[in-house]
Amino acid sequence: MMDIRVNAVPSEERKPKPSDENSLGFGNIFTDHMFLMDYRQDLGWHNARIEPYSPIVLDPAAMCLHYGQMIFEGLKCYRRADGGLQLFRPRDNFRRFNGSGYRVCIPHLDEDQALDALTELLHLEQDWVPRAPGTSLYIRPTIIATEPHLGVRPALEYIYFVILGPVGAYYKEGFNPVKILVEDKFVRSVRGGVGEAKTAGNYAASLFAAEQAHQKGFTQVLWLDAIERKYVEEVGTMNIFFMIDDEVVTSPLAGSVLSGITRATVIDLVREWGDFRVSERPISIDEVMAAAKDGRLTEAFGSGTAAVISPVGQIVYKDETVQVADGRTGPLAQKLFDEITAIQYGTKPDTHGWVETL
Ligand SMILES: *Cc1c(COP(=O)(O)O)cnc(C)c1O
């Protein structure tokens, strides 16, 4: 067990909690405290502490600011109907965090200690976990390279921090299947690149195409592979699933696709239910468009922690537009959403060992 110094904000100085939990957005509000830990090559990870939430002082030469050496994670803390708190597959997040770190030369973090530290922070901030249906406390673990140095090489100093903030229900009025634009010019990531790491550059690389798509009225970009502009990889910052005949298909994890924990959960559940085959295989945009035109593409949906499941209602590729399931939410997307959220919020028993109660 690591020693964590706690510098708590006096209760009378804590921020007011959001007054209307039904109008919480995403990523605008942060709690009173944050967890921090430093890394130095000679000391390893040290100085674990919980401090008041506040700006971080960085040298302008801090390497993360110049070369993007950083990693992050995203997970949520859910409040059960009985008031208790729980996490969903958090060990998978910390394992992936280290995987991302390995790819961008960031030192390894002890996963058990990281989960213990998160648990201690959550205990202190438990009143910040909202109660309204569909709301949660979003958790953002992050490591940044802080060493002041302008040569390109892995830094020798880092900060690990965890910030928290209450977030709203993604779907307030039920699902709203989205319109997506297949991006055939820009790419998010390339096999051999850093697309499988949750690192800042991937998101910077995605902004321009996403902005152009938004201006044309689309919610998300459907990313194709960088080499042939042929195989579907992800949708926005979510993994993508297609149901064609009785096969549920998602892109394989071949280096350019992020290994989503929701993706893994969808695969596990659909396999377990046994009604459909699940394939992790390359799927070309031509196959998707042809199946849509033949009426064999019965569902398409994205998966990720923020939305859980995001049904796709329309796909536009070059000058062709296809509807998916008449623009409505398919039964599999609905069933997955209901099942996953029921486990996350504890209204269904966790038979998979996915839930960690606090
Ligand atoms: C985080 C992320 C996902 C989804 O991962 P989850 O663990 O399911 O939240 C998918 N694609 C990208 C690019 C991501 O950053």
Quick one: Cα centre-to-centre distance for segment 187-241 and segment 1-57, in angstrom?
-> 31 Å
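May I ask you to give the average projected area over all directions of the convex hull of the Cα atoms of segment 11-114, in nm² rounded to one decimal?
Seen from a random direction, the Cα hull of segment 11-114 projects 9.4 nm² on average.
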By how many degrees, 0 to 90 and rounded to 10, does the Cα axis of helix 111-124 deviate from the longest principal axis of the chain?
-> 80 degrees
All Cα pairs of segment 165-260, percent lying beyond 24 Å | 25 percent
Starting from the Cα coordinates of segment 219-312, work out the convex hull volume and express it per residue in Å³.
-> 89 Å³
Calculate, in whole percent, how much of the Cα-Cα pair population of segment 178-344 lies beyond 22 Å.
-> 37 percent
Accessible-area value, VAL167, 1.4 Å probe, nucleic acids and ligands omitted, Å² | 0 Å²
Rounded to whole angstroms and listed largest first, the alpha-carbon spread of the chain along its three principal axes comes to 62, 52, 36
By how many degrees, between 0 and 90 and to the nearest 10, does the Cα long axis of helix 331-344 differ from the longest principal axis of the chain?
-> 20 degrees
Antiparallel DSSP beta bridges within the chain, as percent of all bridges there, nearest 5 | 80 percent
Could you please put GLU339, GLU196 in sequence from largest to smallest accessible area, using a 1.4 Å probe?
-> GLU196, GLU339
Evaluate 2.2 N^0.38 Å with N set to the residue count of segment 274-358, then give the Cα radius of gyration divided by it.
-> 1.32
Report, to the nearest whole %, how much of the accessible area of the chain belongs to carbon and sulfur atoms, 1.4 Å probe, protein only.
-> 50 percent
Angle, helix 261-273 long axis vs. longest principal axis of the chain, Cα atoms, 0 to 90°, nearest 10?
-> 50 degrees
The chain - percent relative contact order, Cα under 8 Å, separation 6 or more | 18 percent
Run the 1.4 Å probe and let me know the accessible area of PHE26, rounded to the nearest 10 Å².
-> 110 Å²
Take HIS214, HIS108, HIS33 and sort them by solvent-accessible surface of the protein heavy atoms, 1.4 Å probe, largest at the top.
-> HIS108, HIS214, HIS33
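The values are calculated or read from the model by the stated rules, or taken from the named source; none is laboratory data. Note that the structure is predicted; figures quoted are calculated from it, not measured. Just so you know, the surface numbers come from the protein's heavy atoms only, side chains and all, with ligands and any DNA or RNA stripped out. Shrake-Rupley method; radii C 1.70, N 1.55, O 1.52, S 1.80 Å.
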